[in-house]
Amino acid sequence: MDALTFGVQLLNGVQYGLLLFLVAAGLTLVFGILGVINLAHGAFYMLGAYFAYWISAHTGSFAAALVGGVAISFLLGLVLEELFVKRLYGRDHLAQVLLSFGLILVIDEVRQMLFGKDVHSVAPPAWLQGSIQLTDVLSYPVYRLALCVVCLAAAGAIFYVIQRTRLGMIIRAGAENRDMTRALGIPFDLVNKYVFAGGIALAALGGILVSPISTVFPGMGDGMLILSFVVVVLGGIGSVAGAAIGALMIGLTDTFGKVFFPQVSSILIYVLMAGVLLWRPNGLLGKKEA
Amino acid sequence: MKRLSKIPSAGLIAAVLAVAVALPFVVSGYYVQFASKAMLVGMLALSLNLVVGYGGLVSLCHAAFFGFGGYMLAFMTPEDGGASLWLSLPTALLVVAAVALVIGALSLRTRGIYFIMVTLAFGEMLFYLFHDTKIAGGSDGMYIYFKPELVVGGRNLLDLESARTFYFVALALLAGAAVLVKELVGSPFGRALAAARDNERRALSLGFPVFRVRLTAFVVSGVIAGMAGFFSASQFGFVAPQMLGWHLSATILVMVVLGGMGSIIGPVVGAFALIGLEEVLKTSFEHWKLIKGLVIIALVFLLPGGLRQLATLLMPERVDASATPAKPRSDEAPANV
């Protein structure tokens with residue numbers, strides 16, 4: 001493999017890792033701050049992609065799909081938190097597993113009623129179509145580069161909100177000690193709602209962004225759910241920085257695994273996870289037992 | 001008081017067994033096959049309950065053991081006849097035990113949410129192993145053209161082609177698994193497992209080998225699940241990666257909670273109830289999964305104790321303190337619901 005092909009694969013791996021990070025960051029925030037395990041996270045990723053397909057098919061605009069899809073998902077998150085998730089904060093993880101499994105079945109069927117179960121594709125915005133010609137035979141799609149930029153911007157925004165804003169301060173305080181935060185009169189329960197909805201919006205954003213480079217199909221959420229779980233296990237629950245490291249590790253392992261060891265590539269990430277579990281059972285940046 | 005509550009339960013078991021034995025002679029073949037299928041899934045739910053209910057460990061990879069058992073039968077069935085039960089069943093169970101040992105040893109290093117996620121991920125690893133590679137027909141699965149045989153002196157003692165024979169085999173397996181789990185739970189081993197669930201730190205400081213106890217329970221439970229999968233594959237003559245998928249793992253978890261985690265046989269009741277409900281919904285509604293999802297959500301909020309709770313609500317005089325299901329706790333004290 002020459003240096004240029006290697007570079008392209010490296011870029012693919014990083015781009016995949018960044019996308020994984022967006023989805024896994026939503027998951028790890030909901031785990032870390034609300035203490036809720038949400039198996040339906042992948043379903044919202046899938047739903048985001050279908051929103052992108054539906055909105056862009058009707059308006060012809062990918063930007064409308066991006067804004068509309070994220071907004072709808074955020075509102076959906078607020079509604080679900082109010083209706084169901086709120087009641088589960090004090091319950092055991094088993095109840096959370098069952099609720100989110102029930103939600104997956106409901107979301108899947110509602111999606112089928114609204115959008116059918118066909119496989120779709122979404123056109124990227126016109127100004128991002130085309131490829132950069134690297135050599136005579138090698139080119140790189142512009143949209144994938146734009147995807148990297150958007151993911152990096154989103155990652156920067158997540159870090160900024162958590163580390164530099166008042167909202168982020170409440171989130172960090174709540175993650176550290178829920179009861180103490182409440183006792184001090186800080187509106188942590190209100191923040192909960194936005195964290196949950198924000199997590200869901202991140203999953204949907206991942207689905208929307210991926211729709212122009214991958215097909216939109218009903219089962220796409222399941223694979224993403226497992227991958228984000230592995231990312232969170234690698235990085236440590238509740239750690240956004242850990243999710244970033246874990247996501248890049250998975251992205252690169254998967255991409256180069258497919259190149260060098262195509263026979264066993266689907267198993268490699270689990271081997272990586274097993275290795276991290278042996279070395280650090282709480283994840284690379286995980287602190288305490290969940 | 002204790003004597004009084006014991007006698008009806010022994011009578012109840014006898015009555016249920018009598019009905020179960022008589023059933024294949026009175027109902028049509030469809031129901032015999034349905035009951036066989038439900039009993040094997042019930043056995044799977046019962047095995048999961050050893051880990052979830054008595055061990056407090058929410059595992060999401062039990063379908064993988066179930067499916068692995070089935071795939072082992074598919075691998076060992078020759079092209080021209082049935083596999084020998086003498087050889088294939090112990091081999092399958094040994095392999096499943098080895099898989100459960102490795103997954104358990106890694107997963108049990110973690111707690112709580114981590115454990116759920118890690119078991120889910122390893123279960124899906126096995127799913128993708130069979131789904132993505134060509135070792136067993138990939139996503140299309142594999143047919144098992146011949147039922148396994150129990151040959152002694154040149155004669156097959158067990159004709160699994162007969163629905164009625166298969167039914168009794170499934171019944172015997174389920175009863176055997178129930179007795180095994182009951183004995184385990186009542187033994188010092190079971191007490192240690194429950195102690196670790198209720199307070200791990202205290203169990204550790206009392207000198208219980210918590211990790212080893214949990215791992216043993218995990219492997220035993222995985223082997224029972226594998227056995228159920230072995231015979232389930234034999235019943236349908238077909239294995240597919242979906243048998244290992246986490247949707248099945250989550251579904252049997254629903255059965256465990258539906259039937260109630262506090263008893264040995266509760267999850268079997270849950271399995272019958274959920275499979276029965278699915279069967280009815282499938283024939284009546286196109287979007288039956290929507291209703292299944294809503295039923296699960298309703299279960300979480302309205303009936304966290306499962307059908308057992310419903311029974312105690314309807315017959316309050318039968319409430320007894322030992323029936324309250326023990327649950328794995330999260331870091332906060334559970335709210336009263």
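The values are calculated or read from the model by the stated rules, or taken from the named source; none is laboratory data. Quick caveat: nothing in here was measured; it's all calculated off a predicted structure. Note: ideal-geometry Cβ built from the backbone for every residue, glycine included; neighbour counts use all protein chains shown. Keep in mind that these areas ignore ligands, DNA and RNA; they rest on the heavy atoms of the full protein, side chains included. Shrake-Rupley method; radii C 1.70, N 1.55, O 1.52, S 1.80 Å.
Could you order A:Arg144, B:Arg202 by accessible surface area, starting with the largest, using a probe radius of 1.4 Å?
So, going from the largest accessible area down, we get B:Arg202, A:Arg144.
Is the C-alpha gyration tensor of the protein assembly as shown telling us rounded, prolate or oblate? Criteria: a/c under 1.5 is rounded; beyond that, a/b larger than b/c is prolate, otherwise oblate.
prolate
Might you work out the accessible area of A:Arg172 for me, using a 1.4 Å probe with all protein chains in place, and round it to the nearest 10 Å²?
90 Å²
Of all trypsin sites (Lys or Arg not before Pro) in the stretch A:39-124, which ones are in loop regions per DSSP and have a Cβ with at most 15 other Cβ atoms within 10 Å?
Sites meeting the loop and neighbour criteria: A:Lys117.
Per q in 0.08, 0.15, 0.18 1/Å, what log10 I(q)/I(0) does a Debye calculation on the alpha-carbon atoms of the stretch B:80-235 return?
So the normalised log intensities are -0.32, -0.97, -1.20.
What's the magnitude of the charge dipole for the protein assembly as shown around its Cα centre, counting Lys and Arg as +1 and Asp and Glu as -1 at the beta-carbon? Answer in Debye, nearest 20.
In debye, rounded to 20, the protein assembly as shown gives about 1760.
Taking H placed 1.01 Å from N in the peptide plane, check which residues at least 5 places from B:Val151 or on another chain put their amide H under 5 Å from its amide H.
Here B:Leu85, B:Trp86, B:Leu157 satisfy the definition.
On C-alpha positions alone, give me the angle between the axis of helix A:62-83 and the longest principal axis of chain A, in degrees, nearest 10.
Helix A:62-83 sits roughly 20 degrees off the main axis of chain A.
Roughly what % antiparallel, to the nearest 5, for the DSSP beta bridges in the protein assembly as shown?
The answer is about 90 percent antiparallel.
Rank these residues by their accessible area, most exposed first, probe 1.4 Å: A:Trp279, B:Trp246, B:Trp86.
Order by accessible area, largest first: A:Trp279, B:Trp86, B:Trp246.
Give me the aspartates and glutamates in straight-line cross-link reach of A:Lys86: C-alpha distance below 18 Å, same-chain residues under 8 apart excluded.
Leaving aside aspartates and glutamates fewer than 8 places away in the same chain, those within reach of A:Lys86 are A:Asp179, A:Asp189, B:Asp331, B:Glu332.
Report Rg/Rh for the stretch A:109-248, rounded to two decimals, where Rg is the Cα radius of gyration and Rh the Kirkwood radius.
1.05
Quick one: net charge around B:Gly141, please, counting Lys, Arg +1 and Asp, Glu -1 for every other residue with C-beta under 14 Å from its C-beta.
-1
Could you tell me the calculated FRET efficiency between A:Ser121 and A:Val67, based on Cβ-Cβ distance and R0 = 22 angstrom, to the nearest 0.05?
0.60
For a quick check of understanding: with a 1.4 angstrom probe and all protein chains in place, what accessible area in square angstrom does B:Lys289 have, to the nearest ten?
80 Å²
Which whole number of Å³ per residue matches the convex hull of the alpha-carbon atoms in the stretch A:13-279?
144 Å³
Would you please give the FRET efficiency between A:Val137 and B:Ala105, computed as 1/(1 + (r/R0)^6) with r the Cβ-Cβ distance and R0 = 60 Å, to the nearest 0.05?
0.80
Run the simple label-point estimate for A:Lys193 and A:Leu145 please: 7 Å along Cα→C-beta, distance reported in nm.
According to this spin-label approximation, the distance is 4.3 nm.
Using only the alpha carbon atoms of the stretch B:189-268, find the Kirkwood hydrodynamic radius as the inverse mean reciprocal pair distance, in angstroms to one decimal.
It is 14.8 Å.
Given a cut-off of 22 Å, name the pairs among B:Lys147/B:Lys182; B:Lys134/B:Lys282; A:Lys117/B:Lys289 whose C-alpha atoms lie farther apart than that in the structure shown.
The pairs that break the limit, which is 22 Å between Cα atoms, are B:Lys147/B:Lys182; B:Lys134/B:Lys282.
Please list the non-local residues whose amide H lies under 5 Å from the amide H of A:Ser139, H modeled 1.01 Å from N, same-chain partners needing a gap of 5 or more.
A:Leu134
Could you order the peptides A:210-220, B:75-85 from most to least packed, using the average number of other C-beta atoms within 10 Å per residue?
By packing density, highest mean first, the sequence is A:210-220, B:75-85.
Using only protein heavy atoms and a 1.4 Å probe, report how much of A:Lys258 is accessible, in Å² to the nearest 10.
My reading of the accessible area for A:Lys258 is about 120 Å².
Between the DSSP loop rule and a limit of at most 10 other Cβ atoms within 10 Å, which trypsin sites (Lys or Arg not before Pro) in the stretch B:92-144 are left?
Sites meeting the loop and neighbour criteria: B:Lys134.
Expressed as a whole number of Å, what is the distance separating the alpha-carbon centroids of the stretch A:243-275 and the stretch B:267-293?
38 Å
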